[in-house]
Amino acid sequence: MEHSGSTAGYSAHLIRYPDQHVSVAVLCNATSARASQYAHDVAWVLLRDRATPAADTAARELPHEDGVLYRNINTGVVLTNVRGGTWTPEGHRIRVTDEYGSVEIYERAKKAAPTSTQLQELAGTYVSDEAETTLVAAVDGGSLVLKRRPDTVITLTPQYADAFTGPQLGLVIFRRDASGRVSAMTVNQDRVWDLRFARQPSPVRPSQ
């Protein structure tokens, strides 16, 4: 049983293993700290000699294909490594089991290399009423960036079609409507899934 949370630069994670009578609590006071990872790392040190291992515990490298990556079928997050766990191929997908027995499914996706024109399609103003935040997507020096007042600029790195990653932001996915027009943007992080930003209509310029 576990739960995490953060606010105002603080983060925490509490995890309990009732059968083993072990609890781990981590409290952090730095925005760069990874409370959830630290809690699981400590738990693994304490319990690995008593935990039931997966059927195949040998360390295995992820399948590698040029121009191909693996994304989570639920969150869209890109798999970068299998830390302390195992993976099993299932056709065009892989099943990843971590050291605690949690299972996630990832599917193959073509790595994106968007052109300037394709990046320009994503430019615009995006607003989240839930987060009370406005982000402006713009093309700057051949890269897509997100700007937030007063002076934050986050450079995005392409992953797969319409999906990017940004430091301290996580996975950013631009969503399209039935006509193919970009209508929204979502942000996914470790503790945030599908935080929606609606694209605002472009202002109408007066005719000359």
Just checking, does segment 153-163 include any residue being outside any loop (DSSP other than H, G, I, E, B), among the acidic types (D, E), touching a residue at least 12 places away in the same chain (Cβ under 8 Å) and in contact with a strand residue (DSSP E or B) (Cβ under 6 Å, 6 or more places away or on another chain)?
no
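Mind checking which residues of segment 164-206 are assigned to a loop (DSSP other than H, G, I, E, B) and among the polar types (S, T, N, Q)?
Scanning segment 164-206 gives Q168, S179, Q189, Q200, S202.
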Sole residue being surrounded by fewer than 15 Cβ atoms within 10 Å (Cβ to Cβ), at pLDDT 85 or above and not basic (K, R), chosen from V26, V22, V42:
V22
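Residues A138, A163: which one is surrounded by fewer than 18 Cβ atoms within 10 Å (Cβ to Cβ) and of a type in the set (A, V, I, L, M, F, W, C)?
Selected residue: A138, the only one of A138, A163 that is surrounded by fewer than 18 Cβ atoms within 10 Å (Cβ to Cβ) and of a type in the set (A, V, I, L, M, F, W, C).
The values are calculated or read from the model by the stated rules, or taken from the named source; none is laboratory data. Predicted model only: the values in this text are computed from it and were never measured. Because the Cβ atoms are built from the backbone with ideal geometry, glycine has one as well, and the counts that use them run over all protein chains shown.
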